[in-house]
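Asks: Could you have a look at this structure, given as structure tokens, before my questions?
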Amino acid sequence: MKTNKDKDFNYWIEKGKEMVAERRQRIARAKKWKFDTVATHGLYDLNQALRWNNGSIMEPTYLTPAQAYLNSAEMEVALSYQMPNWCYSRIANPSSFFLEEASALLETYGSDIQGTCLATASGISAIRTATDPFLVKDGNFPNPNIVSSAKVYGGTFQQFRVRRHIEQGIEIRWVKEPEDLEEWASKIDKNTRFVYGEFPSNPSVAIFDISEVAKLAHESGIPLIVDSTCASPALTRPLTLGADIVIHSASKVISGSGTSIIGLLISKMNITSKIGTDEMKEDFATWAKFWPFRDNGPALHSMAAILTLNDMRTLRMRIEQMSNSTFALARYLEKHPKIDRVHYPGLESYPAYSLAKKYMKLVDSGKNMFGFMLSVEIKEDTPDSSTNTRKFYDALQLAWRAADLGRVKTVATLNAISTHQQQGEEGRALAAVKPNTCRIACGVEHVDDIIDDIEQALRKV
């Protein structure tokens, strides 16, 4: 039996290799499971429970910032990243590992793609962590630009327009109509560092052809990054369609009970990029965790990781119910005399309906479903008015008035005065956010009660 003194540098190197091999075996086993089984178990199994966690059936919360080591040799191997460990919660934590492993499996579900995940303190910090490495100084590409859909979440717009363009001088090339492939192609050139889009966008519910835009990006040697928050892996998995990196504000439907702010960055192995080292491109999410994430510190709290993991177990079931309710509400509102327009991918009137049918399907069912979010434009007397819209909004009783979405409770938002207020009129016009736009995110209440509440509010207009 080896003593602590015998457990030298080489011992820990070999121990690290054993741990990596064991994890690969657990991944291979989980790859054979159905979506709900992966969401329920992730990579946490009986052996881990008995070895590390006193047999706990549920993944434990590690409310501690640091890991102790048996001796200096173990510390040296671990902190040089030659053995799996968590070291310090600014870098990682066992609780976040449980969430990251399950998320990577769900985002690559139904494919042979291997993915890795990094959990962050918010969706917007996940975007920053995902995009920073592609914007470093590089003399071969001296004038960097970003090509992005203009129909993105207000915080994303601000990060790109203010933090990147105004403060750093990086050109942002906005794609106004993301379903138009020619517009994407016209914006990309040799200095483009990455391509970015939301599927579907918040709040305009715009989509784009992920596979075709990925081809355009890869032809120029750059990655496609997709924010798939409002689809979730239960409906659309962009990595399996050609994207390189997927972002989630998992604060939304993945963490549907509304207890946590959290972001997820999931990357496939061997991303396409003309910027960065081979190590970065081989396993982007893990590289980001070890280097820029460690140095910048947007760490996730372990309690948020476990709360989100617990919500993730019912993701597919919630998405099914929420999608059915939202579709029924969309059809109801489309015929309503006080509604100008309904934006929802499941309606035949939706401009990219055929594309939505191609890409949005409930996992393990093959059934088209189109998500929990729609936006409506309330009829007003003049184009720039919001009088009727505010009357409707203020009359809601069941639906919550909040700048949120993806909850088990229905939430309504006036985006022009909330999520997109700071963009200004020009920015809101780019994102197709009007004064009379109201985003509605259906929860898991009975659909009849949701519709009744919307109807009673419309009667006040």
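Read the figures in this text as sums done on the coordinates, not as results from a lab. Everything numeric here is computed off the predicted structure, so don't read it as measured data. Here Cβ is always computed from backbone atoms with ideal geometry, including for glycine, and neighbour counts include all displayed protein chains.
Asks: Under 17 Å Cα to Cα from LYS268, which aspartates and glutamates show up? Leave out anything in the same chain fewer than 8 places away.
Replies: In chain and number order, the partners are GLU100, GLU101, GLU107, ASP112, ASP227, ASP244, ASP278, GLU279, GLU282, ASP283.
Asks: A follow-up question, please. If we count other beta carbons within 10 Å of each Cβ, what is the order of ILE222, ILE57, ILE261, fewest first?
Replies: ILE57, ILE261, ILE222
Asks: Please work out which option in (1) 1.05; (2) 1.30; (3) 1.01 gives Cα Rg over 2.2 N^0.38 Å calculated from these coordinates, and answer with its label.
Replies: Label of the calculated value: (3).
Asks: List the residue ranges in the chain for DSSP H helices whose C-alpha atoms run 18 angstrom or more along the long axis and whose Kyte-Doolittle average is -0.5 or above.
Replies: Result, helices passing both filters: 94-107, 315-334.
Asks: Among THR236, ALA299, ILE210, whose Cα projects farthest towards the positive end of the dipole of the chain, with charges put on the beta-carbon of Lys, Arg (+1) and Asp, Glu (-1)?
Replies: After comparing all options, I get ALA299.
Asks: Can you tell which of SER89, TRP184, GLY139 lies farthest toward the positive end of the dipole of segment 89-312, using +1 and -1 charges on the Cβ of basic and acidic side chains (Lys, Arg; Asp, Glu)?
Replies: Farthest along the dipole direction, towards plus: SER89.
Asks: Among the lysines, which fall within straight-line cross-link reach of LYS15, defined as a Cα-Cα distance under 22 Å, with same-chain neighbours fewer than 8 residues apart omitted?
Replies: Within the straight-line limit of under 22 Å, LYS15 reaches these lysines: LYS2, LYS5, LYS7, LYS289.
Asks: Once the piece of chain linking GLU348 and LYS17 is laid out straight, how much longer is it, given 0.36 nm per residue of separation minus the C-alpha distance between them?
Replies: Contour length minus Cα-Cα distance gives 113.8 nm.
Asks: By count of other Cβ within 10 Å, fewest leading, how are THR413, THR116 ordered?
Replies: THR116, THR413
Asks: Determine, for ILE247, ILE450, the number of other Cβ atoms within 10 Å of each Cβ, and report the residues in order from fewest to most.
Replies: Ranked by crowding around the Cβ, least crowded first: ILE450, ILE247.
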